[in-house]
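Undergrad: This is the structure, below, for whatever I ask next.
The values are calculated or read from the model by the stated rules, or taken from the named source; none is laboratory data. Since this is a predicted model, take the numbers as computed values, not measurements. FYI the Cβ positions are ideal-geometry reconstructions off the backbone, even for glycines, and counts take in every protein chain you see.
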Amino acid sequence: MTHPTPHIPTASLAQGALAILPLALGASLYGFAFGVLAAQIGFPWWGIATMSGLVHAGSSQIVAVEQFSSGSALLGAVLAGAALNLRYIGIVASLIPLLHGLPLWTKLLTIHMTGDENWALTMTERAKDPQIGAGFLIGSGCVMISVWTLSTALGALVGSSFGDLERFGLGFAFTAAFIAMARGLWKGTGDLAPWTASFVASFALVTAQMPTAYAILLGTLTGVAVLLLNPRRKVPAQ
């Protein structure tokens, strides 16, 4: 006996799309800055647009472009990007109730469009109203991936016509983008120990002349180890 595929109301899609707009505006700003700097390194606008659409992970893209610019190994860039996105294991697991019953292709596409912003917004709204589900997540995800792709491509188009970005004070944009993303991930003092361990380990390894990508990877794993070994860490409620 086959079960009918759950229907995703158009109103739910529109609700998610409208709700995410303020967060999408913020993402477009550092997306534009990322595109500008990527163009300075030599990436074409269409390459950046393709990366944004297929990868859709700001932190990983920034690390990858930065590593390519310094001539680091491709494997290092891939591993560092993967380490930065380990959190998505938990995020994807939390989507199981929302995506239950949907076709496989819909689940995979939704997971691809899920980022920190629309996932956090969906879970916040779902806590207020249990009726909020996959439609809200998909609608907000469509907006986020579209805005991110367009803003990075536009930044690359503009950046290709600039000279040295240091003249405009934009050389700090990569670091600023990371700070903005990190601030959004901070959940409170419980994050202090793993974040500190990760920073200290990464800084020490870079100082010891280890390639940046591998230092980020090992620093991230150090933070994860501290988190798992902390006897006071909170276990999510089932």
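Undergrad: Considering only the stretch 159-204, state which residues are modelled with pLDDT of 70 or more and touching a helix residue (DSSP H, G or I) at 6+ places or on another chain (Cβ under 6 Å).
TA: Those that are modelled with pLDDT of 70 or more and touching a helix residue (DSSP H, G or I) at 6+ places or on another chain (Cβ under 6 Å): 159, 160, 193, 194, 197, 198, 201, 202.
Undergrad: Checking the condition surrounded by 23 or more Cβ atoms within 10 Å (Cβ to Cβ), at pLDDT 85 or above and in a helix (DSSP H, G or I), which residue from 39, 49 passes?
TA: 39
Undergrad: Mind listing whichever residues of the stretch 115-163 are more than 22 Å from residue 44 (Cα to Cα) and among the β-branched types (Val, Ile, Thr)?
TA: 122, 124, 132, 138, 143
Undergrad: Quickly run through the stretch 1-18 and pick out the residues that are modelled with pLDDT under 75 and among the hydrophobic types (A, V, I, L, M, F, W, C). Explain how you work it out, then say what you get.
TA: Initially, the stretch 1-18 is screened for residues modelled with pLDDT under 75, giving 1-7, 9.
Scanning the stretch 1-18 gives a single hit, 1.
Undergrad: Restricting the search to the stretch 52-70, which residues are modelled with pLDDT of 85 or more and in a helix (DSSP H, G or I)?
TA: Of everything in the stretch 52-70, those that are modelled with pLDDT of 85 or more and in a helix (DSSP H, G or I) turn out to be 52, 53, 54.
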